[in-house]
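Shown next, in structure tokens, is the structure this report addresses.
The values are calculated or read from the model by the stated rules, or taken from the named source; none is laboratory data. A quick note: this is a predicted structure, and the numbers were derived from the prediction, not measured. A quick note on method: Cβ atoms are made from the backbone with ideal geometry, for glycine too, and the neighbour counts reach across all protein chains shown. In case anyone asks, the SASA skips ligands and DNA or RNA and just uses the protein heavy atoms, side chains included. Shrake-Rupley method; radii C 1.70, N 1.55, O 1.52, S 1.80 Å.
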Amino acid sequence: MKLLHRWPVLAGVLVVLSGGWAVGDPAAPPTREVHWLEGNTGLAFSAGSTWGVAWPQGTVQKGATFALHDAAGKAVPMQSWPTAYWPDGSVKWTANAVATSTATAGPLQLATGPSVAPATPLTVTENADTIAVDTGVIQCRLAKSGTTLIESITRGGKTLATGGQLVCRTSSTPDLDAAGDITHENYLGKIAAVTVEQKGPIRAVIKITGKHAGANGRTWLPFVVRLYFYAGGESVRVMHSIVFDGDQNKDFISGLGLRFSVPLPDELYNRHVRFAGADNGVWAEAVRGLTGLQTDPGAPVRAAQFAGQPVPPLDTWKPAVPTHLKYIPAWGDFTLAQLSSDAFEIRKRTNPGNTWIHSATGSRAAGLGYVGGTSGGMAFGIRNFWQSYPAQLDIRHAAAASAEVTAWLWSPDARPMDLRGYHDDLGMTTFATENEGAAMTYEDYEPGFAYATGIARTSEFTLWALPATPSNSDVAALADTLRTSPQLACRPQDYKDAEVFGGAIWNVIDRSNPIAAHLEDQLDFLIDFYEKQIDQRHWYGFWYYGNIMHRYDPNRHVWRYDIGGYAWDNSEQGVDIWLSYAFLRSGRADIFRLAENMIRHTGEVDVYHLGRFAGLGSRHNVVPWGDGSKQLRISTAENLRIIYYLTADERIGDLMREELHADVTAGQVPVERKVSVKMSTVTGK
């Protein structure tokens, strides 16, 4: 197999985080029509959206401002900044941010022109110790040191969340049936640096970096957290990235997540817990339930509590109930655990001294919860919850003055994370035996190369500060927003007309003649096939979601998931690039989401971000980081750049910039596979 070298380049990228542009002589740029990929889905509870727009060379000069209008011609406040330039200095790509509170269903029209400020601009205030962000609806106070990232979130003068921390737990073994005692260590994310990357007027981005620190004195597991705010928004989007820098044979993560507290001033019967299940189902209960009792408080009381509304005054209840409330158990702890891609469980208990009670089960939970009272509370969720199992949502102490919420990216109820290789050396102790092994399983085994130190994972949380307990329909709408974050995009022809990404060699969907139609049908078939295979074959899991398999086994009728040189594809066949171009050509929302999820995986898990192999990626293997061949074609920024410019996602930008020095690593690590003459002596070919 010939080794292809795709050197990582940023192709003239210049990311500008702040500052103005020098004014040039403007040309006559085209107008861009933008639309929501999935229509109106999720708009009600989305804070905002950021998207990229391509401009033909020479049409948008530095210093240009942009105006966005709805279908009726009304100006929509928007924030824009350049992300790339053409060789002549004109603007090639802009990133644009809009608050969904001011945006309409679309389509929207974007062109150069005077920008419009929001009625209430988002503000960021920074001092030596803290950063305060005010969206006009919520106020968030962030720390610049210590282990508390989010000090508080308030709305309408009420504090709805405090003490936001990153938590990590490790176990001494991944084997739950191991002999002897299993020990645990707990860690909190400790801030090293805080950077204001953007500060309005529409969008603010706060970047927090650090490592997890334990009481044992150890500091490890680097993190990058970005908090996103939009003017008029009631939520905070949290992008959470970790880089595994531990020892895969000793460091077994048994819990990883985000924790915060929610003050609960309401009466126990006016406190509520909500979980979004599968297919917009909602699990809704009160901390102290008033339904189903032997002594009925009355239909108005039951109806109000069930709806999450304040119950009528006590003197309107049926006699005896108000004075005997102490006999109704108050439920303090609640858990939704998704330990596989196809099953979740909800359970609750009154307190840690008593047993858990099974409440409900289902298939694929949306990953959204709520705890609070009729005077306000917090909704919280993990995007791609069931797809990235094992995940879990915990609510503790809901019957106390303050509840503790933990959104677990890795569930403490699951087996600890095990990043070890899947086999020993199998007797491959010489180059000759390594070649013999490669001839059998197509795996490039190299001693000491199948390790996970340096791989990364990015996850997404959303936190909503709500003024009251949401209705069941609102919980379902919140879940829709969590599952499918609203995304704006241009028409395929607009990307084509801008001649970006080799625009002269690709075209939009073309069915103008039988041959072209046949080719388009084949391309659609392949995309639809892989889309179905993801679900049919359950290509899910924290370290696997977004990846696909490399080769099929026609005898077992499975993909070669356990054959070393096949299994997970890891960008080997350019699928991430293919899907990105397929979206440019078609504008299909489902293809965009496939590409987005794949880029999240291949740019993080399949690539080393620190250590000996920093900047290189791993060839396909049973475990994504397991192959002995570390290559630039897996890690190249070419895989990431289309989705980066379409979304202006800062984390993807980080990954692209990491590749600027990957050539240094490539010069120090042999990247050729065990092929050519040496292997031909084994295979006879």
Over the chain, the sum of -39500 (n - 2.57) across DSSP H runs of at least four, divided by residue number and rounded to 500 deg cm²/dmol, gives at 222 nm -5000 deg cm²/dmol
Could you sort the peptides 400-408, 212-220 by per-residue average Cβ neighbour count (10 Å cutoff), highest mean leading? 400-408, 212-220
Which length gain, in nm to one decimal place, applies between ALA192 and LEU176 when the Cα-Cα distance is subtracted from 0.36 nm times their residue separation? 2.3 nm
How big is the charge dipole of region 37-145 about its Cα centre, in debye rounded to the nearest 20, if each Lys and Arg gets +1 on its Cβ and each Asp and Glu gets -1 on its Cβ? 100 debye
Tell me which of VAL607, ILE643, TYR451 sits at the most positive position along the dipole axis of the chain, charges placed on C-beta atoms (Lys, Arg +1; Asp, Glu -1). ILE643
Using packing as a proxy for protection, rank 527-533, 489-495 so that the peptide with the highest average count of other Cβ atoms within 10 Å comes first. 489-495, 527-533
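Are any of the pairs LYS211/LYS630; LYS62/LYS144; LYS62/LYS496; LYS62/LYS207 more than 24 Å apart by Cα-Cα distance, and if so, which?
Working: LYS211/LYS630 26 Å; LYS62/LYS144 34 Å; LYS62/LYS496 22 Å; LYS62/LYS207 27 Å.
The answer is LYS211/LYS630; LYS62/LYS144; LYS62/LYS207.
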Cα-based Rg of region 97-220 per 2.2 N^0.38 Å, rounded to two decimals? 1.50
Picking from VAL76, THR94, HIS423, whose Cα lies most toward the positive end of the charge dipole for the chain (charges on Cβ: Lys, Arg +1; Asp, Glu -1)? VAL76
Assigned charges on the beta-carbon of Lys, Arg, Asp, Glu; region 556-685 dipole about Cα centre (debye): 560 debye
Sort all Cα-Cα distances of the chain into consecutive 10 angstrom bins from zero, then give the percent of pairs in each bin up to the one containing the longest distance. 3, 14, 24, 25, 19, 10, 4, 1, 0, 0
Which one of PRO30, ALA504, THR335 has its Cα pushed farthest toward the positive end of the charge dipole of the chain, where Lys and Arg give +1 and Asp and Glu give -1 at the Cβ? THR335
Which FRET efficiency, nearest 0.05, do SER115 and ALA307 yield, Cβ-Cβ r, R0 56 Å? 0.85
Taking 390-397, 664-671 and ranking on average Cβ neighbours within 10 Å, highest first, one gets 390-397, 664-671
10 °C / 1.306 mPa s Stokes-Einstein diffusion coefficient of region 380-458, Kirkwood radius on C-alpha pairs, µm²/s: 96 µm²/s
Expressed as a percent, the accessible surface of the chain that is carbon or sulfur, using a 1.4 Å probe and the full set of protein chains, is 54 percent
I need the calculated FRET efficiency for the pair ARG218 and ASP129, taking r as the beta carbon distance and R₀ as 30 Å, to the nearest 0.05. 0.70
On average, how much accessible surface per residue is there in the chain, in Å², for a 1.4 Å probe, leaving out ligands, DNA and RNA? 39 Å²
ASP315 versus ASP88: modelled label distance in nm, points set 7 Å from Cα along the beta carbon direction: 8.0 nm
Virtual spin-label span in nm between ALA278 and GLN668, 7 Å along Cα→Cβ: 4.9 nm
Which helices of the chain meet both criteria: a Cα extent of 30 Å or more along the helical axis and a mean Kyte-Doolittle score no lower than -1.0, with helices taken as whole DSSP H segments? 514-536
Net charge over other residues, Cβ less than 10 angstrom from the Cβ of ILE643 (K, R count +1; D, E count -1): -1
Theoretical FRET efficiency, 1/(1+(r/R0)^6), r = Cβ-Cβ of ASP528 and ASP342, R0 22 Å, to 0.05: 0.50
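If you place +1 on the Cβ of every Lys and Arg and -1 on the Cβ of every Asp and Glu, how big does the dipole about the Cα centre of the chain come out, in debye to the nearest 20?
Working: 60 positive and 69 negative charges, 197 e Å.
Charge dipole, the chain, about its Cα centre: 940 debye, nearest 20.
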Taking a label point 7 Å from the Cα of ILE505 along the Cα→Cβ vector, which residues of region 82-111 have an amide N closer than 20 Å to it? 86-87
